[in-house]
1. Do you know which residues across segment 360-380 are without any contact (Cβ under 8 Å) to a residue 24 or more places away in the chain, outside any loop (DSSP other than H, G, I, E, B) and under 25 Å from the mean Cα position of the chain (by Cα)?
2. Going by the structure shown, is H428 open to solvent by 20 Å² or more (accessible area, probe 1.4 Å), touching a strand residue (DSSP E or B) at 6+ places or on another chain (Cβ under 7 Å) and not basic (K, R)?
3. Taking into account only those residues within segment 182-201 that are in contact (Cβ under 8 Å) with a residue 60 or more places away in the chain and not charged (D, E, K, R), which is most open to solvent (accessible area, probe 1.4 Å)?
4. Quick one: which strands (runs of 3 or more DSSP E) lie wholly within segment 41-119 and hold at least 1 residues that are free of Cβ contacts under 8 Å to residues at least 40 places away in the same chain and not small (G, A, S)?
5. Going by what's in this entry, would D372 be described as modelled with pLDDT of 95 or more, touching a strand residue (DSSP E or B) at 6+ places or on another chain (Cβ under 7 Å) and either of a type in the set (S, T, Y) or away from the ligand (no atom under 15 Å from the Cβ) (or both)?
6. Checking the structure you have, find out if any residue of segment 241-254 is of a type in the set (A, V, I, L, M, F, W, C), open to solvent by less than 60 Å² (accessible area, probe 1.4 Å) and away from the ligand (no atom under 15 Å from the Cβ).
7. What are the residues in segment 202-216 that are open to solvent by 20 Å² or more (accessible area, probe 1.4 Å) and either more than 9 Å from the ligand (Cβ to nearest atom) or farther than 19 Å from N149 by Cβ (or both), if any?
8. From the list E375, E391, E345, exactly one residue is in contact with a Pro (Cβ under 8 Å, 6 or more places away or on another chain) and open to solvent by 30 Å² or more (accessible area, probe 1.4 Å). Which is it?
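The values are calculated or read from the model by the stated rules, or taken from the named source; none is laboratory data. Remember, predicted model here, so these are calculated numbers, not experimental data. Quick reminder, even Gly has a Cβ in these numbers, built from the backbone with ideal geometry, and neighbours come from all protein chains shown. Ligands, DNA and RNA are excluded from the accessible area calculation, which covers all protein heavy atoms including side chains. Shrake-Rupley method; radii C 1.70, N 1.55, O 1.52, S 1.80 Å.
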Amino acid sequence: MNIVVIGTGYVGLVTAACLAECGHQVNCIDIDKEKLKKLKRGDIPFYEKGLKNIVLKAVKNKTLSFSKNYNQSLNQVEAIFLCVGTPPKVNGKPNLSYLKNSLTSIAENLENDVAIFVKSTVPVGTNKFAKEFIQKKIKKDLKISFASNPEFLKEGNAVSDFKKPDRIIIGTDDPLVKKVSKEIYKNIATSKKLIFTSIESAEIIKYASNAFLATKIAFINEISRLSDHFNADIKEIKKGMSMDERIGEHFLNSGLGFGGSCFPKDLDGLANRFREFGIPSSIPNAVRLSNNQQINYFSKKITGNLIGKTSCVMVWGLAFKGGTDDVRESPSIKLIKKISNKYKEIYAYDPLAIFNAKKELVGFSNIKFIKDKYEFIKKCDCLIIATEHSEFKSVDFKKIGKMKNKLIFDGRNILNKQQAEKHGFIYHGIGV
Ligand code: UGA
């Protein structure tokens, strides 16, 4: 099929590359000229496991191309995926200007009937508005079939999530979209996994899924504080809970809390929707509050156990989660900002996210970014683990044993407490 993907961020680029890989002819449109130049030579602007190879191969095979130009790109297009950003405004509501601009450009340049799939995360009710918006703008006699097609890609695992989805949600009231969807996703999902819903249900499924996962994390984090107080073990508690199939084992890892460009934004978006329409609700706000409490809780654990303005601290992990270079709403960055004035120097290491973290921590002059996680360990009084990058699991206890104080604050419960203690460390996890 001839497909156009608008927006080359995480969602757009993964969608475009994977659709091209499974046999479609895909053209990506973006307004950022510099980004397009880079993409054309296979330079991916962010880290995503496996993506670069797929893009390079598809560009070489001429099944994937990039353009700034709506006019040429929409020639003979059969389906359009809208993947533009909807960043939060100061009032917490998503900014829909990119979405409206793209719809306007589509309307101005379209020459034939088309199916539009909206992947951008937008509050319930927005897609109906978007559908009417483009229909009003189209001057020619063309049929626009419209669908809300939310994405469920996890950063760091996005390619695999796209190729092996748990479900594909298509919210539409147009029978033609069903036919087009089956054709687009035929090499990716069986018909059992292709779920057709109303537009509004699809929009709510997206927000509700993210908010529910965030709620699980906030819940286990609160329990981890109780576990700390009574010297229980949150890993045992998780195991005992998750053997109940109704609860399950996923998203029950306690730690510093959730971050990223999705959970915090979507919780706020959901809370806003309830408020705007006067519908009683408390969970989304409570989860946000609880997540902030977790950072305060952990930072107090650190400052309560390591007192002294002359102390130096080593922080491993800056990204909002393991396997990504993304630092948006990163709990690690928030923690560093909180504790930075309490200590003389903070050495910060991350295998992927240093470039992005530097921009977030401009002005924090006592933070030194390092390339080798063991190099400055001798100067430090403690080690803080703030992101669940897998390389931290195989820590060399001998090397970190050169620290001035043998003190570990494990904000992701990634190390084994008993093992750390065997090596002579004082170990503080969360709930263990
Ligand atoms: C999330 C959802 O998982 C995706 O399904 C969704 O498509 C995406 O948002 C989106 O809306 O675009 P993502 O933000 O990439 O994906 O990251 P997650 O893997 O969900 O992790 C979110 C945060 O929760 C991270 O900070 C992570 O460290 C934390 N987390 C996760 C925990 O603290 N404990 C856990 O058990 C799991």
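1. The one that is without any contact (Cβ under 8 Å) to a residue 24 or more places away in the chain, outside any loop (DSSP other than H, G, I, E, B) and under 25 Å from the mean Cα position of the chain (by Cα): F369.
2. In short, yes.
3. Here the residue is N187.
4. Counting at least 1 such residues, we get 114-118.
5. no
6. Checking segment 241-254: not a single residue is of a type in the set (A, V, I, L, M, F, W, C), open to solvent by less than 60 Å² (accessible area, probe 1.4 Å) and away from the ligand (no atom under 15 Å from the Cβ).
7. I204, I205, A208, F212, L213, T215, K216
8. Only one candidate qualifies: E391.
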